[in-house]
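All of the numbers you see were taken from the coordinates with simple rules; none came from a lab. Just so it is clear, the structure is predicted and the values come from calculations on it, not from any experiment. All Cβ positions, glycine included, derive from the backbone under ideal geometry; neighbour counts span all protein chains shown.
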Amino acid sequence: MFIWEILLSSLLAAVLSMVLILVLGRTGPGPLMGFLFFFITIFLATWGGGLWLGRIRPGEWMVNWMGYVLVAMLLWLVLAAVLPRQTRTARRADETAVPVVQPKAAQPLALGILFWLMVLFLLGIIAVNYYFF
């Protein structure tokens, strides 16, 4: 069961992260246009949320995975709505690149601290679920 939960969460996180980057054009901090950021965020939230939603009502056969999908889709929708689209440079008729003005980004240190606090919180949720239940 432990392996199934990790596999389902990682599959959902990988697919939704790729859709965010390739289809919707969203980018995040970090390497691979933010793929690792999106993957870790969606993976841990899906794993922790799916575990806790499964505890609310023990599911019958093939119903336990619905909690994982619900959490992954909700977080994915929030990320897709909040993050701006990737901007590209505009071309003039004489083929000179004109950079598009972007809003000033938030401080990387603050984002890094919030990200790691979120990771610790989600790992705590997962650990509490496995330890007490």
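General remarks:
- Protection proxy ranking for 120-131, 39-50, using the average of other Cβ atoms within 10 Å per residue and placing the highest first: 39-50, 120-131.
- Computed from the Cβ-Cβ distance with R0 of 22 Å, the FRET efficiency linking Leu77 to Phe132 stands at 0.15.
- Derived scalar couplings ³J(HN,Hα) [segment 30-43; Karplus, 6.51 cos²θ - 1.76 cosθ + 1.60; whole Hz; x for Gly, Pro]: x, x, 6, 6, x, 4, 5, 4, 5, 4, 5, 5, 5, 4
- Residue-by-residue Karplus 3J(HN,Hα) for segment 13-24, coefficients 6.51, -1.76, 1.60, Hz, glycine and proline x: 5, 5, 5, 5, 5, 5, 5, 4, 7, 7, 8, 8
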